[in-house]
Every structure is written in structure tokens, then in C-alpha cells.
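Below is one structure, written out as C-alpha cells; the observations come after it.
The values are calculated or read from the model by the stated rules, or taken from the named source; none is laboratory data. A quick note: this is a predicted structure, and the numbers were derived from the prediction, not measured. Accessible surface areas use protein heavy atoms only, side chains included; no ligands, DNA or RNA. Shrake-Rupley method; radii C 1.70, N 1.55, O 1.52, S 1.80 Å.
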Amino acid sequence: MSGSADGRRRLLLVEGDRGTALRGLVQQLIDLPDGALLWVADEAPDGVVAVHPRDLGRRLGEECRVLVFDAHRGFHPDAFAAAVGMLRGGGDCVVLTPLHWSTFRDPDQARLLAYPRDPAEALDGFLTRICRLWADSEGVTRVVAGATVPVRTAPPPGRRVVLTADQQEAAERIRRVALGHARRPLVLTADRGRGKSTVLGVTSAELLLGGARRILVVAAHRRAASTLFLHAARASPGAAPEE
């Protein structure tokens, strides 16, 4: 289950019977180490921990090596966008869908309807559009539940992080703020999964090794800063960041 050689993520649509799809996935993914698999659903098979879509915000800042998103019980677009940003390069994003998904009465519609409307009255243009876009995309692999398709797992984080050009620019700006004029804020923005936590962790370690006495990290949840602390520790051998 090695990842893509070029580090690209793959969208794998598994269409058809949910039980059949679950059995095939569990056989491949059950032995992954803790933290490697992110399974987004209201429930998961035995031996797998599910994260409900509404709880995914508490996991932002973490990473996974393979992502499974169960759309049989509803497709939450915001949760899906957040989850994809947590997937490391080279891994698969596996979406479980009914066989005829574009005409599926999505249970997720219920949370968007005002009384006295019910899901049967909703017109789901979103599913219709996303099915059309994914049908024409070369980056999407479609399989029927039960087919044998190896799921690609992203490699684990390496000990040494090589920053991209954009990350190097961000790191330089962070250093300027930290070592330059006081009380000058820096706002770092980027799409999900672009490596903000990584560059913050690496640069924080560099600053501490260079003489900075203390760096305070504030996050909505402790786990949201886990990737930052991981890369800070790896960039400063022997260090044990305090959480």
C-alpha cells in the first residue's frame, strides 16, 4: 500500500453496496498504525475509529496517511474539504457512495432545511454538480464496491523536512517578525494542506535553537497543534516541546 511516487493525492470513488465496500477497505487498512487512518462517518466497522463530520473541526492541524469519507449517511461538503486538507501527499482519499449517487436523497440535506420542509422536498443540485465534475476528472478513479483496488497510503513524515519555496518565504517572514520590530503581527494564510503547521513548527525550532527563550502556541484544541509540535521536535533533536 505504498503511496504515489510523485506525492500526488488520489480521489478514489467506491460506488455501490456499503457493506461490500467496508469489508474490502477494512481488510486493507485495519493494520495501519495509530493516526495513519482518518475515517469520517457517523460510525465505522469494528476495529476502526470514526470521526463524525461535525467533530472534524477539533482535528484540524493533524495529518493522516489515508482518508475514508462515508457518503452513504450524508455528504457534508465543509467536513470533506477540511478532511482532504489533512491528507498527506501520496495518499488516497476514498469516498464511499451509493451506485447512483447523483440521484441519491442525501440525508445531510436535513440540517439545511427550515421547518416544515423535509429532505424529500430538497433539490440537491450540489450532488448533481459534483458527480458531473468528478465524472470528467482525470484525477478521479472510480471502482465498484468489491473490486480489488489497492489503496495507496502516504509515507509517514520523514525525519528531515524540506520546505517548499512558498514555505521558505513564509519562514523568512516569520523570522523577520520574531527577530525584528516588536508588536508587528504577521498573518499567514493558505488553503488547507499547504503546510502552514509544518513551516511554523520548523521555524519555531530554528528560533529556539538560535536563542529565543520561549514561543507560545495558541490553538482551538491541543490536537490542532500536534503537527506543529511534531515538526518542531524533529527540527530540534533532543527537544521535547511542552504541550
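With springs connecting C-alpha atoms under 10 Å apart, model the chain as a Gaussian network and identify which of 63, 43, 15 has the largest mean-square fluctuation.
43
What Kirkwood radius, in Å to one decimal, follows from the Cα pairs of region 55-186?
On the way: mean 1/r = 0.0544 Å⁻¹.
By the Kirkwood definition, the hydrodynamic radius is 18.4 Å.
Taking the alpha-carbon centroid of each part, what is the distance from region 83-138 to region 28-67 in angstrom?
Computed from Cα coordinates, the inter-centre distance equals 19 Å.
Output the relative contact order of the chain, whole-number percent, from Cα pairs under 8 angstrom with separation of 6+ residues.
Numbers: 384 pairs, mean separation 60.0, N = 243.
Computed value for the chain: 25 percent relative contact order.
Please calculate how many Å² of accessible area region 73-230 carries per residue, with a 1.4 Å probe and no DNA, RNA or ligand atoms counted.
Per residue, region 73-230 has 65 Å² of solvent-accessible surface.
Would you report the distance distribution of C-alpha pairs in region 41-104 as whole percents per 10 angstrom bin, up to the bin with the largest distance?
Computed distribution, short to long bins: 20, 55, 23, 2.
Give the value in nm², to one decimal: projected area of the alpha carbon convex hull of region 1-127, averaged over all directions.
8.4 nm²
How are the C-alpha pair distances of the chain spread across 10 Å bins, as whole percents from the shortest bin up?
7, 28, 31, 20, 11, 3, 0
5 Å is the cut-off here: which amide hydrogens, built 1.01 Å from N in the peptide plane, fall below it relative to residue 144, excluding neighbours closer than 5 in sequence?
15
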